[in-house]
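Just below is one structure, and these are the notes that go with it.
The values are calculated or read from the model by the stated rules, or taken from the named source; none is laboratory data. This one's a predicted model, so the numbers in the text were calculated from it and none came from an experiment. Backbone-built Cβ (ideal geometry, glycine too); neighbour counts: all protein chains shown. Side chains are part of the model used for accessible areas, which takes the heavy atoms of the whole protein and leaves out ligands, DNA and RNA. Shrake-Rupley method; radii C 1.70, N 1.55, O 1.52, S 1.80 Å.
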Amino acid sequence: NNTDKQTISLAEKLLNTVEGNICPSVAAMIPAATGEGTIAGLRLLSNRKSTTNANIVIEQIKNGASPDVKNAAYAVLKNMVSAEDLPTLYNLLENAAEEAVPSVQQAIIAAMNDIPAANRLGTVSAQMGKTDKNKQYLYYPVLASTGDIKALNLISDSFDKQTGVAKDAAFQALLDWKGRDVADQLLDICKDTSSSIYFDRALGRYVQLASDASLTGENRRLFLTNALEIAKADGQKNSILKLLGHTNSYLAMLLAGQYLDSKPVQESAAQAVMNIALNNKSFTGNAVKALLN
């Protein structure tokens, strides 16, 4: 309840070291606390993942608290919610200011973790069906978080059909998709001349997926070959050629060799050829000899 920032900071630091359940006491303090004290209290509850006090955080967002307190509440929201808070979070999301939207989306994703994985897509889809069409795009990141292939298809279809902010949201959801299932969709975007404004980011994410160390060298080579065929900027080609040099693939060496006479990328191509040839003594013959020469 103090007004001195240093005193509040010290109290927060010490309370963070206390073992046991401090949440009831912290929650009881918040209604009478100063702004700085409230922010400290919200952080303390967040650190303890006190889902039973989610209503306190949500109240700080709703009740017209100061901007600093509201920002602090949005920041901790994802650590405080559970599935039973989803109806409230849906309402928050659909009425949030633009800058607060990502925080509420992350909170919904966190709350979804309480729902069996097989039911998450259905839960999100049901809510989207109740939402105005011009706000359904707000749920694209939540769809992506389910990891369900059907969700990926829904997002990809939305990207193809939507315009403006909804199309941008669908694209961002594709970029944020966890795993390589999204690779084909990203490649299609790169090849679509009508989606040129998304090309660089789509190719960058595709190349990032291609560099996954869990892939075999030959599979990485396949991904990177696709990327090299459509890359436009020399910087993109250089990055891809450098990654090719770590695949230990004979075909990757031959592919890099095709760029040895292209001045903007020839150094990267030469490095790729050399790395693969020297790391694989079994790669012999006139083709290898010619490339090394």
Determine which single condition SER46 fails, assuming it passes every other condition in (1) among the polar types (S, T, N, Q); (2) within 26 Å of TYR139 (Cβ to Cβ); (3) open to solvent by 20 Å² or more (accessible area, probe 1.4 Å). (3)
Output the residue which, of all residues in the range 197-236 that are part of a helix (DSSP H, G or I), open to solvent by 50 Å² or more (accessible area, probe 1.4 Å) and not hydrophobic (A, V, I, L, M, F, W, C), is nearest to ASN286 (Cα to Cα). GLU218
First in the range 160-180 and closer than 18 Å to ASP132 by Cα, second anywhere and among the hydroxyl-bearing types (Ser, Thr, Tyr) and not in a helix (DSSP H, G or I), Cβ under 8 Å, 6 or more apart: none
Restricting the search to the range 110-134, which residues are closer than 18 Å to MET80 by Cα and buried (at least 19 other Cβ atoms within 10 Å of the Cβ)? ALA110, ALA111, MET112
Does at least one position in the range 144-165 carry a residue that is under 20 Å from PRO87 (Cβ atoms) and assigned to a helix (DSSP H, G or I)? yes
GLY35 being among the small types (Gly, Ala, Ser) and open to solvent by 60 Å² or more (accessible area, probe 1.4 Å): no
Considering the range 49-98, residues that are charged (D, E, K, R) and closer than 20 Å to THR34 by Cβ, and then whichever is surrounded by the most Cβ atoms within 10 Å (Cβ to Cβ), we arrive at LYS70
Identity of the residue in the range 246-258, part of a loop (DSSP other than H, G, I, E, B) and crowded, with 23+ Cβ neighbours inside 10 Å, that ends up nearest to the chain's Cα centre (by Cα): THR247
Which residue out of ALA65, ALA75, ALA28, ALA40 is in a helix (DSSP H, G or I) and within 30 Å of GLN127 (Cβ to Cβ)? ALA75
Only residues in the range 8-24 that are free of Cβ contacts under 8 Å to residues at least 60 places away in the same chain and polar (S, T, N, Q) count as the first member; pair them with residues that are open to solvent by 70 Å² or more (accessible area, probe 1.4 Å) and in a helix (DSSP H, G or I), Cβ under 7 angstrom, at least 6 apart or cross-chain, and list the lot. ASN16/ASN47
